[in-house]
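Since the structure comes first, as C-alpha coordinates, the remarks are kept for the end.
The values are calculated or read from the model by the stated rules, or taken from the named source; none is laboratory data. Computed from a predicted structure; not experimentally measured. Please note: Cβ atoms are built from the backbone with ideal geometry, for glycine as well, and neighbour counts cover all protein chains shown. With ligands, DNA and RNA removed, areas are computed over all heavy atoms of the protein, side chains included. Shrake-Rupley method; radii C 1.70, N 1.55, O 1.52, S 1.80 Å.
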Amino acid sequence: MNSASQKHIALISVHGDPAVEIGKEEAGGQNVYVRQVGEALAELGWQVDMFTRKASADQAKIVEHAPNCRTIRITAGPEEFIPRDNLFKHAPEFVQQMLKFQQESGIEYELVHTNYWLSAWVGMELKKIQGCKQVHTYHSLGAVKYKSVSTIPLIAKTRLAVEKEVLETANCIVATSPQEQEHMRSLVSTKGNIDIIPCGTDIHRFGKVDQQQARQQLGINADTKVILYVGRFDFRKGIETLVRAVAQSQLRGKADLKLIIGGGSRPGQSDGKERDRIEGIVNELGMQDMTVFPGRLGDEDLPIYYAAADVCVVPSHYEPFGLVAIEAMASGTPVIASDVGGLQYTVVPEETGLLAPPKDNDAFAAAIDRILSHPEWRNQLGRAARKRVEDKFSWDGVATQLSELYVKLLEQPAVSPKDEAVATA
Ligand code: UDP
(Lines give C-alpha, C1' and ligand atoms only; values in the text may rest on other atoms or scores of the structure.)
Protein backbone atom coordinates (compact mmCIF):
# COMPACT_ATOMS: atom_id res chain seq x y z
CA MET A 1 0.00 0.00 0.00
CA ASN A 2 1.16 3.56 -0.54
CA SER A 3 0.98 6.76 1.51
CA ALA A 4 -2.37 5.88 3.06
CA SER A 5 -0.65 3.20 5.14
CA GLN A 6 -1.53 3.21 8.85
CA LYS A 7 -4.39 5.64 8.35
CA HIS A 8 -7.37 5.37 10.66
CA ILE A 9 -10.60 4.36 9.00
CA ALA A 10 -13.98 3.57 10.52
CA LEU A 11 -16.32 0.85 9.33
CA ILE A 12 -19.78 1.70 10.64
CA SER A 13 -22.40 -0.99 11.09
CA VAL A 14 -25.01 0.33 13.52
CA HIS A 15 -27.11 -2.85 13.70
CA GLY A 16 -24.77 -5.56 12.40
CA ASP A 17 -22.22 -6.16 15.16
CA PRO A 18 -19.06 -7.67 13.62
CA ALA A 19 -18.07 -9.22 16.94
CA VAL A 20 -21.19 -11.30 17.68
CA GLU A 21 -21.92 -14.92 16.87
CA ILE A 22 -23.27 -15.13 13.34
CA GLY A 23 -26.36 -17.02 12.21
CA LYS A 24 -28.83 -16.05 14.89
CA GLU A 25 -31.23 -13.20 15.59
CA GLU A 26 -30.53 -10.59 12.95
CA ALA A 27 -26.85 -11.49 12.60
CA GLY A 28 -25.95 -12.61 9.09
CA GLY A 29 -24.07 -11.51 6.02
CA GLN A 30 -23.51 -7.89 7.01
CA ASN A 31 -21.80 -8.87 10.27
CA VAL A 32 -19.55 -11.29 8.37
CA TYR A 33 -18.79 -8.72 5.67
CA VAL A 34 -17.77 -5.99 8.11
CA ARG A 35 -15.65 -8.32 10.22
CA GLN A 36 -13.86 -9.94 7.26
CA VAL A 37 -13.31 -6.68 5.43
CA GLY A 38 -12.07 -5.06 8.65
CA GLU A 39 -9.57 -7.81 9.39
CA ALA A 40 -8.33 -8.01 5.82
CA LEU A 41 -7.89 -4.22 5.62
CA ALA A 42 -5.92 -4.25 8.88
CA GLU A 43 -3.62 -6.87 7.31
CA LEU A 44 -3.08 -4.46 4.46
CA GLY A 45 -1.89 -1.80 6.91
CA TRP A 46 -4.99 0.23 7.79
CA GLN A 47 -5.94 1.05 11.38
CA VAL A 48 -9.49 -0.24 11.40
CA ASP A 49 -12.14 0.65 13.97
CA MET A 50 -15.54 -1.00 13.47
CA PHE A 51 -18.39 0.86 15.16
CA THR A 52 -21.61 -0.81 16.14
CA ARG A 53 -24.40 -0.24 18.66
CA LYS A 54 -24.10 -1.81 22.11
CA ALA A 55 -27.08 -4.14 22.27
CA SER A 56 -26.71 -5.66 25.73
CA ALA A 57 -25.28 -4.56 29.07
CA ASP A 58 -22.87 -7.51 29.24
CA GLN A 59 -21.22 -6.85 25.88
CA ALA A 60 -17.65 -5.55 26.05
CA LYS A 61 -17.25 -1.94 24.92
CA ILE A 62 -14.19 -2.77 22.86
CA VAL A 63 -13.26 -6.11 21.26
CA GLU A 64 -9.77 -6.48 19.77
CA HIS A 65 -9.85 -8.86 16.78
CA ALA A 66 -6.32 -8.52 15.48
CA PRO A 67 -3.57 -5.95 15.66
CA ASN A 68 -5.08 -2.73 14.26
CA CYS A 69 -8.60 -4.10 14.06
CA ARG A 70 -11.20 -3.70 16.80
CA THR A 71 -14.95 -3.44 17.33
CA ILE A 72 -16.10 -0.41 19.33
CA ARG A 73 -19.60 -0.59 20.78
CA ILE A 74 -21.38 2.73 21.09
CA THR A 75 -24.18 3.32 23.56
CA ALA A 76 -27.10 4.75 21.59
CA GLY A 77 -30.51 3.97 23.04
CA PRO A 78 -31.15 1.25 25.61
CA GLU A 79 -28.51 -1.49 25.83
CA GLU A 80 -30.82 -4.20 24.58
CA PHE A 81 -31.72 -5.85 21.27
CA ILE A 82 -33.82 -3.50 19.13
CA PRO A 83 -35.08 -4.63 15.69
CA ARG A 84 -33.43 -2.64 12.92
CA ASP A 85 -36.69 -1.01 11.80
CA ASN A 86 -36.88 0.71 15.23
CA LEU A 87 -33.30 1.92 15.41
CA PHE A 88 -33.34 5.13 13.42
CA LYS A 89 -34.40 7.28 16.36
CA HIS A 90 -31.13 6.40 18.07
CA ALA A 91 -28.95 7.35 15.11
CA PRO A 92 -28.35 11.00 16.25
CA GLU A 93 -27.02 9.71 19.57
CA PHE A 94 -24.78 7.29 17.67
CA VAL A 95 -23.29 10.24 15.77
CA GLN A 96 -22.75 12.24 18.99
CA GLN A 97 -21.07 9.29 20.67
CA MET A 98 -18.78 8.69 17.68
CA LEU A 99 -17.74 12.35 17.76
CA LYS A 100 -17.11 12.08 21.49
CA PHE A 101 -15.05 8.92 21.01
CA GLN A 102 -12.90 10.67 18.44
CA GLN A 103 -12.40 13.66 20.69
CA GLU A 104 -11.42 11.55 23.68
CA SER A 105 -9.12 9.20 21.77
CA GLY A 106 -7.52 11.88 19.60
CA ILE A 107 -8.36 9.87 16.44
CA GLU A 108 -10.13 11.50 13.52
CA TYR A 109 -11.34 9.20 10.77
CA GLU A 110 -10.61 10.57 7.33
CA LEU A 111 -12.78 7.93 5.75
CA VAL A 112 -15.85 6.09 6.95
CA HIS A 113 -17.27 3.03 5.20
CA THR A 114 -20.92 2.71 6.16
CA ASN A 115 -23.08 -0.42 5.95
CA TYR A 116 -26.90 -0.48 5.54
CA TRP A 117 -29.02 2.65 5.44
CA LEU A 118 -28.98 3.35 9.20
CA SER A 119 -25.20 3.68 9.08
CA ALA A 120 -25.45 5.62 5.82
CA TRP A 121 -27.27 8.35 7.73
CA VAL A 122 -24.62 8.34 10.48
CA GLY A 123 -21.90 8.62 7.83
CA MET A 124 -23.63 11.49 6.03
CA GLU A 125 -23.85 13.40 9.33
CA LEU A 126 -20.17 12.79 10.10
CA LYS A 127 -19.28 13.89 6.58
CA LYS A 128 -21.22 17.13 7.06
CA ILE A 129 -19.64 17.82 10.47
CA GLN A 130 -16.09 16.57 9.94
CA GLY A 131 -15.61 16.54 6.18
CA CYS A 132 -14.59 12.87 6.10
CA LYS A 133 -14.89 10.78 2.94
CA GLN A 134 -17.77 8.32 2.81
CA VAL A 135 -17.96 4.93 1.12
CA HIS A 136 -21.24 3.08 1.44
CA THR A 137 -22.43 -0.51 0.95
CA TYR A 138 -26.21 -0.99 1.06
CA HIS A 139 -26.44 -4.73 1.89
CA SER A 140 -30.15 -4.38 1.12
CA LEU A 141 -32.04 -1.80 -0.92
CA GLY A 142 -35.40 -0.66 0.41
CA ALA A 143 -36.62 -0.01 -3.14
CA VAL A 144 -36.08 -3.68 -4.01
CA LYS A 145 -36.98 -5.19 -0.65
CA TYR A 146 -40.35 -3.45 -0.37
CA LYS A 147 -41.39 -4.94 -3.69
CA SER A 148 -41.11 -8.45 -2.22
CA VAL A 149 -42.87 -7.97 1.13
CA SER A 150 -46.56 -7.68 1.89
CA THR A 151 -46.34 -5.24 4.84
CA ILE A 152 -44.28 -2.09 4.37
CA PRO A 153 -42.88 -0.83 7.70
CA LEU A 154 -43.52 2.73 8.91
CA ILE A 155 -39.85 3.57 8.52
CA ALA A 156 -39.93 2.91 4.74
CA LYS A 157 -40.24 6.55 3.67
CA THR A 158 -37.26 7.63 5.74
CA ARG A 159 -35.20 4.68 4.57
CA LEU A 160 -35.90 5.34 0.89
CA ALA A 161 -34.98 9.02 1.31
CA VAL A 162 -31.70 8.19 3.09
CA GLU A 163 -30.85 5.58 0.45
CA LYS A 164 -31.34 8.16 -2.30
CA GLU A 165 -29.36 10.86 -0.52
CA VAL A 166 -26.40 8.62 0.21
CA LEU A 167 -26.22 7.43 -3.40
CA GLU A 168 -26.11 11.03 -4.56
CA THR A 169 -23.66 12.35 -1.97
CA ALA A 170 -21.25 9.59 -0.86
CA ASN A 171 -17.78 9.70 -2.39
CA CYS A 172 -18.38 6.19 -3.62
CA ILE A 173 -21.02 3.50 -3.33
CA VAL A 174 -19.83 -0.08 -3.39
CA ALA A 175 -22.29 -2.31 -5.25
CA THR A 176 -21.58 -5.97 -4.56
CA SER A 177 -22.88 -7.15 -7.93
CA PRO A 178 -23.76 -5.68 -11.34
CA GLN A 179 -27.40 -6.56 -10.52
CA GLU A 180 -27.30 -4.37 -7.41
CA GLN A 181 -25.79 -1.50 -9.38
CA GLU A 182 -28.56 -1.82 -11.93
CA HIS A 183 -31.19 -1.67 -9.16
CA MET A 184 -29.61 1.48 -7.75
CA ARG A 185 -29.68 3.17 -11.12
CA SER A 186 -33.18 2.13 -12.11
CA LEU A 187 -34.90 2.41 -8.73
CA VAL A 188 -32.96 4.92 -6.63
CA SER A 189 -31.09 7.59 -8.61
CA THR A 190 -29.04 8.16 -11.74
CA LYS A 191 -26.69 10.47 -9.80
CA GLY A 192 -23.66 9.45 -7.75
CA ASN A 193 -20.54 7.26 -8.08
CA ILE A 194 -20.77 3.48 -7.98
CA ASP A 195 -17.94 0.91 -8.06
CA ILE A 196 -18.62 -2.82 -8.18
CA ILE A 197 -16.64 -4.76 -5.60
CA PRO A 198 -18.21 -8.10 -4.64
CA CYS A 199 -18.40 -9.71 -1.22
CA GLY A 200 -15.80 -12.35 -0.55
CA THR A 201 -15.16 -15.53 1.34
CA ASP A 202 -12.27 -17.35 2.97
CA ILE A 203 -11.04 -19.74 0.31
CA HIS A 204 -8.64 -21.40 2.76
CA ARG A 205 -11.26 -22.17 5.40
CA PHE A 206 -13.88 -23.39 2.92
CA GLY A 207 -12.72 -26.26 0.75
CA LYS A 208 -10.17 -27.71 3.16
CA VAL A 209 -12.12 -30.96 3.79
CA ASP A 210 -13.49 -33.32 1.14
CA GLN A 211 -16.97 -34.80 1.12
CA GLN A 212 -15.94 -38.18 2.47
CA GLN A 213 -14.06 -36.77 5.49
CA ALA A 214 -16.90 -34.33 6.19
CA ARG A 215 -19.50 -37.10 6.16
CA GLN A 216 -17.42 -39.24 8.47
CA GLN A 217 -17.29 -36.37 10.94
CA LEU A 218 -21.05 -35.83 10.76
CA GLY A 219 -21.93 -39.54 10.74
CA ILE A 220 -23.62 -39.38 7.31
CA ASN A 221 -23.47 -42.40 4.96
CA ALA A 222 -21.60 -42.11 1.67
CA ASP A 223 -24.72 -42.91 -0.38
CA THR A 224 -27.10 -40.48 1.37
CA LYS A 225 -28.20 -37.53 -0.78
CA VAL A 226 -27.69 -34.42 1.32
CA ILE A 227 -29.52 -31.16 0.59
CA LEU A 228 -28.33 -28.22 2.70
CA TYR A 229 -29.71 -24.83 3.67
CA VAL A 230 -27.61 -22.42 5.75
CA GLY A 231 -28.82 -19.05 6.99
CA ARG A 232 -31.10 -17.11 9.22
CA PHE A 233 -34.72 -18.08 9.79
CA ASP A 234 -36.39 -15.19 8.04
CA PHE A 235 -39.46 -15.41 5.84
CA ARG A 236 -37.55 -13.65 3.03
CA LYS A 237 -35.08 -16.55 2.92
CA GLY A 238 -37.74 -18.78 1.35
CA ILE A 239 -36.99 -21.89 3.42
CA GLU A 240 -40.58 -23.00 2.87
CA THR A 241 -39.93 -23.30 -0.88
CA LEU A 242 -37.01 -25.63 -0.21
CA VAL A 243 -38.98 -27.82 2.18
CA ARG A 244 -41.90 -28.12 -0.25
CA ALA A 245 -39.53 -28.82 -3.14
CA VAL A 246 -37.83 -31.65 -1.27
CA ALA A 247 -41.25 -33.01 -0.30
CA GLN A 248 -42.15 -33.40 -3.96
CA SER A 249 -38.74 -34.71 -5.12
CA GLN A 250 -38.99 -37.70 -7.47
CA LEU A 251 -36.20 -39.28 -5.46
CA ARG A 252 -38.23 -39.41 -2.27
CA GLY A 253 -38.68 -43.04 -1.32
CA LYS A 254 -36.09 -44.14 -3.93
CA ALA A 255 -32.94 -42.66 -2.38
CA ASP A 256 -31.86 -41.90 1.18
CA LEU A 257 -32.56 -38.15 1.18
CA LYS A 258 -31.48 -35.88 4.02
CA LEU A 259 -32.45 -32.24 4.35
CA ILE A 260 -30.27 -30.20 6.71
CA ILE A 261 -31.59 -26.76 7.68
CA GLY A 262 -28.71 -25.04 9.45
CA GLY A 263 -28.82 -21.75 11.34
CA GLY A 264 -31.12 -20.05 13.77
CA SER A 265 -31.13 -19.38 17.44
CA ARG A 266 -32.71 -21.34 20.21
CA PRO A 267 -36.53 -21.26 20.53
CA GLY A 268 -37.88 -18.10 22.12
CA GLN A 269 -35.42 -15.78 20.38
CA SER A 270 -36.36 -13.37 17.66
CA ASP A 271 -36.25 -15.76 14.70
CA GLY A 272 -38.14 -18.46 16.62
CA LYS A 273 -41.43 -17.77 14.89
CA GLU A 274 -40.17 -18.56 11.39
CA ARG A 275 -38.32 -21.58 12.69
CA ASP A 276 -41.48 -22.90 14.33
CA ARG A 277 -43.42 -22.25 11.14
CA ILE A 278 -40.87 -24.19 9.06
CA GLU A 279 -40.85 -27.08 11.54
CA GLY A 280 -44.64 -27.10 11.30
CA ILE A 281 -44.44 -27.50 7.50
CA VAL A 282 -41.82 -30.26 7.82
CA ASN A 283 -44.15 -32.14 10.19
CA GLU A 284 -47.23 -31.54 8.07
CA LEU A 285 -45.43 -33.01 5.03
CA GLY A 286 -44.25 -36.03 7.03
CA MET A 287 -40.58 -35.16 6.61
CA GLN A 288 -39.45 -35.31 10.27
CA ASP A 289 -37.26 -38.39 9.74
CA MET A 290 -35.33 -36.96 6.83
CA THR A 291 -34.94 -33.39 8.16
CA VAL A 292 -32.35 -32.16 10.65
CA PHE A 293 -32.16 -28.74 12.35
CA PRO A 294 -28.63 -28.53 13.75
CA GLY A 295 -29.12 -24.90 14.95
CA ARG A 296 -26.50 -22.22 14.55
CA LEU A 297 -23.40 -23.50 12.75
CA GLY A 298 -20.15 -22.10 14.15
CA ASP A 299 -16.97 -21.28 12.24
CA GLU A 300 -15.63 -24.81 12.70
CA ASP A 301 -18.87 -26.53 11.64
CA LEU A 302 -19.66 -24.57 8.51
CA PRO A 303 -16.89 -25.89 6.20
CA ILE A 304 -17.81 -29.45 7.22
CA TYR A 305 -21.54 -29.07 6.53
CA TYR A 306 -20.94 -27.42 3.15
CA ALA A 307 -18.45 -30.13 2.14
CA ALA A 308 -20.78 -32.94 3.24
CA ALA A 309 -23.68 -31.68 1.13
CA ASP A 310 -24.48 -32.81 -2.41
CA VAL A 311 -26.13 -29.51 -3.09
CA CYS A 312 -26.70 -26.25 -1.19
CA VAL A 313 -29.98 -24.44 -1.81
CA VAL A 314 -30.46 -20.67 -1.44
CA PRO A 315 -34.20 -20.12 -2.04
CA SER A 316 -34.38 -16.41 -1.04
CA HIS A 317 -37.16 -14.16 -2.33
CA TYR A 318 -34.60 -11.39 -2.62
CA GLU A 319 -30.85 -11.50 -1.99
CA PRO A 320 -28.56 -8.50 -2.48
CA PHE A 321 -25.47 -10.75 -2.53
CA GLY A 322 -25.82 -14.02 -0.60
CA LEU A 323 -22.61 -15.09 1.14
CA VAL A 324 -23.89 -18.61 1.70
CA ALA A 325 -23.79 -19.29 -2.05
CA ILE A 326 -20.09 -18.48 -2.36
CA GLU A 327 -19.21 -20.32 0.86
CA ALA A 328 -20.83 -23.49 -0.50
CA MET A 329 -19.17 -22.97 -3.88
CA ALA A 330 -15.77 -22.48 -2.23
CA SER A 331 -16.37 -25.82 -0.54
CA GLY A 332 -16.85 -27.52 -3.93
CA THR A 333 -20.63 -27.84 -3.54
CA PRO A 334 -22.93 -26.72 -6.36
CA VAL A 335 -25.66 -24.24 -5.51
CA ILE A 336 -29.31 -24.08 -6.54
CA ALA A 337 -30.46 -20.53 -5.95
CA SER A 338 -33.34 -18.21 -6.68
CA ASP A 339 -32.90 -16.30 -9.87
CA VAL A 340 -32.64 -12.94 -8.07
CA GLY A 341 -30.13 -10.21 -7.16
CA GLY A 342 -26.53 -11.13 -6.40
CA LEU A 343 -27.27 -14.84 -6.83
CA GLN A 344 -27.50 -14.19 -10.57
CA TYR A 345 -23.92 -12.99 -10.38
CA THR A 346 -22.37 -15.68 -8.17
CA VAL A 347 -24.16 -18.77 -9.52
CA VAL A 348 -23.60 -19.50 -13.20
CA PRO A 349 -26.49 -21.74 -14.31
CA GLU A 350 -25.44 -25.09 -15.79
CA GLU A 351 -21.79 -24.32 -14.87
CA THR A 352 -21.61 -23.95 -11.08
CA GLY A 353 -25.20 -24.81 -10.18
CA LEU A 354 -28.73 -23.90 -11.24
CA LEU A 355 -31.10 -20.94 -10.86
CA ALA A 356 -34.85 -21.25 -10.33
CA PRO A 357 -37.61 -18.62 -10.07
CA PRO A 358 -38.14 -17.62 -6.42
CA LYS A 359 -41.05 -19.30 -4.58
CA ASP A 360 -41.38 -21.88 -7.39
CA ASN A 361 -41.52 -25.25 -5.60
CA ASP A 362 -41.71 -27.23 -8.86
CA ALA A 363 -38.67 -25.56 -10.38
CA PHE A 364 -36.61 -26.08 -7.21
CA ALA A 365 -37.70 -29.72 -7.02
CA ALA A 366 -36.71 -30.30 -10.66
CA ALA A 367 -33.33 -28.63 -10.14
CA ILE A 368 -32.61 -30.66 -6.98
CA ASP A 369 -33.54 -33.90 -8.76
CA ARG A 370 -31.39 -33.08 -11.76
CA ILE A 371 -28.27 -32.52 -9.69
CA LEU A 372 -28.83 -35.40 -7.27
CA SER A 373 -29.49 -37.84 -10.13
CA HIS A 374 -26.21 -37.06 -11.89
CA PRO A 375 -23.32 -37.46 -9.41
CA GLU A 376 -20.61 -36.99 -12.05
CA TRP A 377 -22.16 -33.76 -13.27
CA ARG A 378 -22.65 -32.69 -9.65
CA ASN A 379 -18.89 -33.06 -9.08
CA GLN A 380 -18.11 -31.16 -12.24
CA LEU A 381 -20.39 -28.29 -11.15
CA GLY A 382 -18.72 -28.32 -7.72
CA ARG A 383 -15.22 -28.04 -9.20
CA ALA A 384 -16.27 -25.14 -11.43
CA ALA A 385 -17.94 -23.47 -8.43
CA ARG A 386 -14.73 -23.64 -6.41
CA LYS A 387 -12.75 -22.21 -9.32
CA ARG A 388 -15.20 -19.31 -9.74
CA VAL A 389 -14.82 -18.32 -6.09
CA GLU A 390 -11.02 -18.56 -6.24
CA ASP A 391 -11.01 -16.30 -9.30
CA LYS A 392 -13.55 -13.69 -8.20
CA PHE A 393 -14.65 -13.84 -4.58
CA SER A 394 -11.74 -14.29 -2.15
CA TRP A 395 -11.68 -11.82 0.79
CA ASP A 396 -8.06 -10.96 0.11
CA GLY A 397 -8.88 -9.89 -3.43
CA VAL A 398 -11.97 -8.00 -2.29
CA ALA A 399 -10.08 -6.18 0.48
CA THR A 400 -7.33 -5.19 -1.96
CA GLN A 401 -9.93 -3.63 -4.25
CA LEU A 402 -11.51 -1.75 -1.32
CA SER A 403 -8.10 -0.59 -0.14
CA GLU A 404 -7.28 0.76 -3.60
CA LEU A 405 -10.59 2.60 -3.63
CA TYR A 406 -9.92 4.19 -0.22
CA VAL A 407 -6.43 5.26 -1.29
CA LYS A 408 -7.85 6.85 -4.43
CA LEU A 409 -10.56 8.71 -2.48
CA LEU A 410 -8.15 9.90 0.21
CA GLU A 411 -5.87 11.33 -2.47
CA GLN A 412 -8.69 13.45 -3.82
CA PRO A 413 -8.72 16.99 -2.41
CA ALA A 414 -10.87 17.29 0.69
CA VAL A 415 -13.96 19.43 0.40
CA SER A 416 -14.53 21.22 3.70
CA PRO A 417 -17.99 20.70 5.17
CA LYS A 418 -18.62 24.44 4.64
CA ASP A 419 -17.81 24.32 0.89
CA GLU A 420 -19.88 21.20 0.49
CA ALA A 421 -22.91 22.92 2.06
CA VAL A 422 -22.51 25.77 -0.44
CA ALA A 423 -22.04 23.38 -3.36
CA THR A 424 -25.16 21.41 -2.56
CA ALA A 425 -27.34 24.39 -1.56
N1 UDP B 1 -24.09 -18.20 9.13
C2 UDP B 1 -23.36 -18.81 10.14
N3 UDP B 1 -23.95 -19.77 10.89
C4 UDP B 1 -25.24 -20.14 10.70
C5 UDP B 1 -25.99 -19.51 9.67
C6 UDP B 1 -25.38 -18.55 8.90
O7 UDP B 1 -22.19 -18.50 10.35
O8 UDP B 1 -25.71 -21.01 11.42
C9 UDP B 1 -23.42 -17.21 8.29
C10 UDP B 1 -23.20 -17.74 6.89
O11 UDP B 1 -22.09 -18.59 6.86
C12 UDP B 1 -23.01 -16.44 6.10
C13 UDP B 1 -23.93 -15.47 6.83
O14 UDP B 1 -24.22 -16.05 8.10
O15 UDP B 1 -21.68 -15.99 6.15
C16 UDP B 1 -25.23 -15.22 6.06
O17 UDP B 1 -24.98 -14.34 5.02
P18 UDP B 1 -25.89 -14.20 3.74
O19 UDP B 1 -25.32 -13.08 2.91
O20 UDP B 1 -26.02 -15.51 3.04
O21 UDP B 1 -27.34 -13.82 4.27
P22 UDP B 1 -27.88 -12.62 5.20
O23 UDP B 1 -27.88 -13.15 6.60
O24 UDP B 1 -26.97 -11.45 5.03
O25 UDP B 1 -29.26 -12.35 4.71
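Among the residues of the stretch 317-340, those that are within 10 Å of the ligand (Cβ to nearest atom), hydrophobic (A, V, I, L, M, F, W, C) and in contact with a Gly (Cβ under 6 Å, 6 or more places away or on another chain) comprise PHE321, LEU323, VAL324. Among all residues of the stretch 177-190, there is none that is of a type outside the set (A, V, I, L, M, F, W, C), open to solvent by 10 Å² or more (accessible area, probe 1.4 Å) and closer than 24 Å to ARG53 by Cβ.
Scan the stretch 129-142 for residues that are in contact with a Ser or Thr (Cβ under 9 Å, 6 or more places away or on another chain) and touching a residue at least 40 places away in the same chain (Cβ under 8 Å) and jot them down.
First, the residues of the stretch 129-142 that are in contact with a Ser or Thr (Cβ under 9 Å, 6 or more places away or on another chain): 131, 134-139.
Answer for the stretch 129-142, where residues must be in contact with a Ser or Thr (Cβ under 9 Å, 6 or more places away or on another chain) and touching a residue at least 40 places away in the same chain (Cβ under 8 Å): GLY131, VAL135, THR137, TYR138, HIS139.
When residues in the stretch 137-168 are screened for being buried (at least 19 other Cβ atoms within 10 Å of the Cβ) and of a type in the set (S, T, N, Q), 2 of them pass.
Annotation for the stretch 345-364: no member residue is among the polar types (S, T, N, Q), crowded, with 22+ Cβ neighbours inside 10 Å and closer than 13 Å to VAL226 by Cα.
Summed over the stretch 167-197, the residues that are within 16 Å of the ligand (Cβ to nearest atom) and of a type in the set (D, E, K, R) give a count of 1.
A Cβ distance below 9 Å, combined with a sequence gap of six or more or placement on separate chains, defines the contacts here; from the stretch 318-329, residues that are free of Cβ contacts under 8 Å to residues at least 24 places away in the same chain reach no residue that is aromatic (Phe, Trp, Tyr) and within 6 Å of the ligand (Cβ to nearest atom).
Among strands (runs of 3 or more DSSP E) entirely within the stretch 46-133, having at least 2 residues that are among the charged types (D, E, K, R) singles out 47-53, 69-74. For LEU99, indicate whether it is open to solvent by less than 10 Å² (accessible area, probe 1.4 Å) and under 30 Å from ALA161 (Cβ atoms). No: the conditions fail for LEU99. Of all residues in the stretch 385-425, those that are of a type outside the set (Lys, Arg) and either open to solvent by 50 Å² or more (accessible area, probe 1.4 Å) or at pLDDT below 70 (or both) total 20.
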